[in-house]
Structures are given as C-alpha cells and as structure tokens.
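The values are calculated or read from the model by the stated rules, or taken from the named source; none is laboratory data. Being a predicted model, the structure only gives us computed values, none of them experimental. With ideal geometry, Cβ positions are generated from the backbone for all residues, glycine too; neighbour counts draw on all protein chains shown. Ligands, DNA and RNA are stripped out before the accessible areas are found, and what is left, the full protein with its side chains, is counted by its heavy atoms. Shrake-Rupley method; radii C 1.70, N 1.55, O 1.52, S 1.80 Å.
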Amino acid sequence: MTAETVEFLIGRVAAGDQAAFSRLYQRTSAKLFGVCLGILGNRGQAEDALQEGFVRVWRNAGRFDHSKGSAMTWLISIVRNRALTMRHSMSRLQPVEDEALESMVEDRADGANDPDAADKQALYNCLETLAASQQDVVRKAYIFGYTHSELARSTGNPIGTVKTWIRRGLAQLKLCLDDATA
C-alpha cells in the first residue's frame with residue numbers, strides 16, 4: 001500500500017470518497033484537535049470545532065488549491081477559523097495560559113510514536129530564538145488564537161507594533177525552520 005498524502009486524500013474527498021474522508025480524519029484529526037484545544041481551552045468545545053471544521057472540509061474539498069499552500073495548512077486554517085469563531089461568540093474572552101500548551105504537549109502520546117515530534121521540537125527551539133515580545137505575541141496569535149486587537153490591548157502597544165512583531169517573528173521562524181530542516 002502506498003502512502004497517501006493529505007493532498008491526495010483531499011482530492012479524493014472532493015470527488016465524494018467517504019473512505020478517503022475517514023482516512024483523512026484519522027491522519028490529521030489529532031493535530032487539528034490540538035489547534036482547536038489551544039484556542040478554546042476546553043475539550044468539549046474543541047471537539048465541536050473539530051467536527052464542524054471537518055464538515056466544512058467535506059463540503060469545500062473541491063476548493064483546495066495546492067498552489068496557494070500546503071494541504072495541512074489549508075486544514076489548519078479551516079479548524080482554526082472555526083475555533084476562533086466559536087471563541088469570539090462566547091460572551092467573554094477566556095485567556096489560555098502558556099501552561100495549557102505545555103499540558104497539551106504532555107498529554108499527547110510519547111514523542112517516539114509521534115511522526116511530527118521532530119518538527120514540533122524544531123518549532124519550539126525556533127520559538128525560543130525570538131525576542132520575548134515576539135515570542136509572546138506569536139504564541140498567543142497562532143497557538144491560542146488571539147486577534148491583533150486583543151494582543152494590542154493585553155500588551156499595551158499599538159496594533160501596528162503588534163502586527164510588526166508578529167510579521168518579523170514569523171519571518172524569523174521561517175528562516176530558523178528552513179535552517180533546521182536543511
């Protein structure tokens with residue numbers, strides 16, 4: 001049996017292949033659940049966001065365009081947006097602390113069984129190279145789903161400054177990750 005890529009599975013889902021949809025879910029749901037949990041901080045809500053995200057994947061698989069980004073990035077953006085919508089629809093913002101991220105990582109299976117363990121470690125190592133202000137806003141924006149406005153209020157800095165920290169932080173992360181995988 002050949003290894004099916006996430007992109008291939010999305011293509012099969014676009015054609016209405018329910019078995020491919022099941023394989024896509026099995027292959028990606030753990031990582032996508034982690035995204036939802038990081039944003040929402042509640043397992044039940046994260047499960048709801050993941051389920052709703054996969055409904056959107058089923059309905060919109062034909063819209064995936066590999067020239068605009070990777071299949072996994074497309075999936076992450078779907079569930080991330082769903083989780084953010086859910087979080088913003090709640091009556092009050094419930095901040096998630098960095099310790100929640102650490103506990104999510106510890107709750108996962110042993111890293112030896114996780115094919116993405118090396119990638120995760122490289123990301124954490126590269127995050128540590130960022131200035132403290134960049135590291136904080138990048139984590140809160142991309143792991144916990146804070147908006148630029150929320151980050152500006154919480155840091156007491158103008159929104160333009162926060163956007164610059166994020167943009168520069170992401171550029172530095174990209175360079176670091178490119179070096180780590182080279």
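Observations on the structure shown:
- Area of Y25 that stays accessible when all protein chains are in place (1.4 Å probe, Å², to 10): 100 Å²
- Volume of the Cα convex hull of region 129-182, divided per residue and given in Å³: 63 Å³
- Karplus-based coupling profile of region 34-43, in residue order and whole Hz: x, 4, 4, 5, x, 7, 8, x, 9, 4, with θ = phi - 60° in 6.51 cos²θ - 1.76 cosθ + 1.60 and x standing for Gly or Pro.
- Peptide packing: for 60-71, 44-55, the average count of neighbouring Cβ atoms within 10 Å per residue gives the ranking 44-55, 60-71, highest mean first.
- Here the accessible area of region 117-178 is 58 percent carbon and sulfur, with a 1.4 angstrom probe and all protein chains present.
- Of K120/K163; K68/K120; K31/K120, pairs whose Cα-Cα distance is over 19 Å: K120/K163; K68/K120
- Extension gain (nm, one decimal) between E4 and A131, 0.36 nm per residue minus Cα-Cα: 41.8 nm
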